[in-house]
1. Relative contact order of the chain: what whole-number percent is it, with Cα pairs under 8 angstrom and at least 6 residues apart?
2. State the volume of the convex hull built on the alpha-carbon positions of region 2-93, expressed per residue in Å³ and rounded to an integer.
3. How do T30, T80, T67 rank when sorted from fewest to most other Cβ atoms within 10 Å of their own Cβ?
4. How much length would be gained if the chain were fully extended between T70 and K3, taking 0.36 nm per residue of separation minus their Cα-Cα distance, in nm to one decimal?
5. If you take the charge dipole of region 2-93 about its Cα centre, with +1 on Lys and Arg Cβ and -1 on Asp and Glu Cβ, which of F39, V59, I83 is farthest toward its positive end?
6. Amide H neighbours of F40 under 5 Å, counting only residues 5+ apart in sequence or on other chains, H built in-plane at 1.01 Å?
Amino acid sequence: MKKLAVLAFALALGGCATQRFDVQSTGAQTPAYDEAQTFFVGGIGQSQEVDAAKVCGGVKNVQRVETQLTPGNVGLGLLTMGIYSPRQIRVYCTR
């Protein structure tokens, strides 16, 4: 049983992924916007939008936009057998 728990934990950590789009090379280290987006059944055929220009007060102030599948998101997906599969979205702005 202990080996199965370790294997499940390793698989959960191995499933993490980040997609990042850098607009500018300098800016804030902490996100101006950091929220979990709700998806179901792995997000197949679903989309959500965040207006990064609105978050940062103009398109020239956007530094980076990233989405991440965190270990917590993977854990929730495993608990619900993939029915609920959230993802984090973060928007970073220039200083």
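We did not get these values from a lab; they are worked out from the coordinates using the rules stated. A quick note: this is a predicted structure, and the numbers were derived from the prediction, not measured. For neighbour counting, all protein chains shown are included, and Cβ atoms are generated from backbone atoms with ideal geometry for every residue, glycine included.
1. Working: 165 pairs, mean separation 39.6, N = 95.
The normalised contact order for the chain reaches 42 percent.
2. On the way: hull volume 9.2 nm³, N = 92.
Hull volume over Cα atoms, normalised by residue count, gives 100 Å³.
3. Going from sparsest to densest Cβ surroundings: T30, T80, T67.
4. Details: separation 67, 0.36 × 67 = 24.12 nm, distance 2.27 nm.
Contour length minus Cα-Cα distance gives 21.9 nm.
5. The listed residue farthest towards the positive side: I83.
6. Here S85 satisfy the definition.
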